[in-house]
1. What are the distances, in nm and sorted shortest first, from the label point of A:HIS343 to the label points of the same position in each other copy, with each label point placed 7 Å from Cα along the Cα-to-Cβ direction?
2. What residue of chain B sits with its beta carbon nearest the rotation axis taking B to A, and at what distance in whole Å?
3. What 222 nm value per residue comes from the helices of chain B, counting each DSSP H run with n ≥ 4 as -39,500 (n - 2.57) and dividing by all residues, nearest 500 deg cm²/dmol?
4. When we measure straight from the Cα of B:LYS52, which aspartates and glutamates land under 13 angstrom away, once same-chain ones fewer than 8 places off are left out?
5. Could you compute Rg(Cα) / (2.2 N^0.38 Å) for chain A, with N its residue count?
6. Can you tell me the dipole magnitude for chain A around its Cα centre, using point charges on the Cβ only (Lys, Arg +1; Asp, Glu -1), in Debye to the nearest 20?
7. Any idea what angle helix A:282-292 forms with the longest principal axis of chain A, computed on alpha-carbon atoms, 0 to 90 degrees, nearest 10?
8. For B:GLU200, which sequence-distant residues (separation of 5 or more, or a different chain) have an amide H within less than 5 Å of its own amide H, given hydrogens modelled in the peptide plane?
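None of the figures in this text is laboratory data; all of them are computed from the coordinates on show. All figures in this text were calculated on a predicted structure; none of them were measured in a lab. Positions of Cβ are generated from backbone atoms using ideal geometry, with glycine treated the same way; all protein chains shown enter the neighbour counts.
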Number of protein chains: 2
Amino acid sequence: MTIIVQKFGGTSLADVEKIKNVANAVVREKKLGNDVIVVVSAMGHTTDNLIKLAHEISDHPSDREMDMLMSTGEQISIALLTMAIHELGYNAVSMTGAQVGILTEETHSKARIVDINTNKLLEHVNNGEIVIVAGFQGVTKEGEITTLGRGGSDTSAVAIAAKLQVENPGSVERCDIYSDVEGIYTTDPRVVPTARKLKEISYEEMLELARVGANVLHPRSVETAKQFQVPMRLRSSFKLEDLGTLVIGVEKMEIYKPVTGLACDKSQVRVVICDVPDRPGNAGKLFSLLAKYELSVDMIIQSYARSSNNTNDIAFTIDKDDLSKFVSIKDEITSILNPSTVHIDEDIAKISIVGAGMIDRPGIAASMFETLAKEAINIKMISTSEIKISCLVEKMHAKQATEALCKTFELDGQDVALVHGTLPE
Amino acid sequence: MTIIVQKFGGTSLADVEKIKNVANAVVREKKLGNDVIVVVSAMGHTTDNLIKLAHEISDHPSDREMDMLMSTGEQISIALLTMAIHELGYNAVSMTGAQVGILTEETHSKARIVDINTNKLLEHVNNGEIVIVAGFQGVTKEGEITTLGRGGSDTSAVAIAAKLQVENPGSVERCDIYSDVEGIYTTDPRVVPTARKLKEISYEEMLELARVGANVLHPRSVETAKQFQVPMRLRSSFKLEDLGTLVIGVEKMEIYKPVTGLACDKSQVRVVICDVPDRPGNAGKLFSLLAKYELSVDMIIQSYARSSNNTNDIAFTIDKDDLSKFVSIKDEITSILNPSTVHIDEDIAKISIVGAGMIDRPGIAASMFETLAKEAINIKMISTSEIKISCLVEKMHAKQATEALCKTFELDGQDVALVHGTLPE
């Protein structure tokens, strides 16, 4: 008997009817002869409502108490889903993160999982019970309740699957991540209506797509799945017959095209620190300062020193949400680096193409730049990784760039079989 | 430094403003130089909302999952109250029942507390922190979440105070139970507007009043307080300057009047099983059957065998909420006892007078019966304990009986100092 770990997000559990629907999706997998462990998030708007309550009391509630508060959301979900499964005549039992023994670091609000105790979990599973686990939460060895931060429930699900897999290789068939999206598309179908849903994608590609804002799966969970080789399936809880997209190791895929997907991220802001005197250590000082204030920096470019006045421009992008924090430390930056000016540009979009097949196919970057040039779209910044190329363009050009690149890299259109091979299931 | 345990019910925590008010009540006690442990219930209608959600999913949700669900209510309260105390500049920390180590039996939905581990609690207290504990909930030694049933949060508060008192006699000053009532009245002030608030009442009297439906404090918590001699104060969270009513050992009171209070309970139904053949064991069979179906019986009267046909009438009262359950087993009762008929009378009220002073004052019962006779009120059943006399009357006579008895036993009227002696505080 193999174990399927299922994860259902808040949208899938938004109300009583949806919870009953999830119960059906769980029982469906059990009926196929699998052992089933289910990880759930808080119902629909529960999290938002709890945050609102907290903020009516305090502008800066303590992380510990926020974890205490937020972890109730998943606890409500597990109890209700378990009841709904009982109604269908199946044995099920709910467990909080603490009860499972999802041991985390002693950091509140964004703890990392240190270990998972599978004893009680497997005891229930071996007893024929479907186990419903509260995602997003864990417990420190002192018994403090912690939460895992963004993407936490995905991480819980994958970590449980990974731990079971490590302890008993081959025992876990898959980790299915159910949400309101039907899988991973070559690009955003709202922008390019002819975007295709991928049958398969590699962990590496998924990671790059997640980081560039495809917003489907948090990178932490993909990293864990990759590390422990847990196959994941991204699928819709509202279309159970649809197999969604399988995320697996690149070595298990047959790669047909160099570019698997395209993502457009409009949530970044470009900052240019102009005319920074060209002294060693200036860049280091700047990024240390940004790190101190927990400002995540994405693309970074430092221009060559200009011969005329011996200064550099340092450009980088930050998340739009961090902009007000950045503005509040602008003076500190100025006093340290002494630039001529600090320029902030909100009118940008980052277009990224991703594909594990890029690695051994030269010329992909060139054809991306040519495509944009042909469309007369100016590239403001470029950054690359082994399987990703990102270009910063003006926001007004985002749609045009997306469409042109989809055409160049055949990400739209006809139902070409992108991936061959047999799918498990 | 002595410890004050405070308990706040759901009405006191109904919304954000009320939670802030409770934070003030907590800090007020801390400012007086006390160590403070606070036990809280779920916010206002949280419990009802959670029950409603569960019943939308299942008509008979499992007790275990109900406990999992319900315990989130108090967890939300502790986090929010702790935040509110932080806002006032005081150190505070929230703890679930499991985190404190409120060990219970392995029964769901109405577990009894087996033990309380005070280590972590005292660690925080000794650290100068105000500890906010989730009431109503505990944990089994297997780590299962349990709830304590009705009056659970009162029980949690008193049990914590009792355990601390046992471990370190004299360490606990008082257990203050805050609610929306201002204390214990001689009788219901909505019925008798001149009812007086008692400054003191004994555990025993409080127990009798609680059992006859005074609805202020659950008997379990009073029993625990009595057993471990924890003084309790019943007071209003909306009138902090009001000292409410102190519940203490009878030996610490100066008793002035034989009757301390009067309660009128309209939530009972009288059942008469008519003409049961007078054979040994019939009453035993009946009450075993009622016990098997968990029907709590209150007053019981078995008439003398009638000479004519050698049968008995057996009359008893049950809770109105149990009536439908009783009706469903009526046929079973008939088949076992073979009575001529089973008569159900919903039109009754139970009037009880309570007073520790009754013990050595004869004639109280007589003067109760005389008072009712003078008002031409028929007594349908009588039951007595050492410190309580209850009479069943027709519901239409309840108010008249209450008023007349208040006059007889001086429970209304002028602000007579009922109790002498110095109040602690």
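1. The projected label point of A:HIS343 is separated from its counterparts by 9.9 nm.
2. B:THR72, 2
3. -10500 deg cm²/dmol, from helical runs alone.
4. Correct list for B:LYS52: A:ASP15.
5. For chain A, the normalised Cα radius of gyration is 1.07.
6. Using only the charged Cβ atoms, the result is roughly 500 debye.
7. The two axes meet at around 30 degrees.
8. B:LEU246
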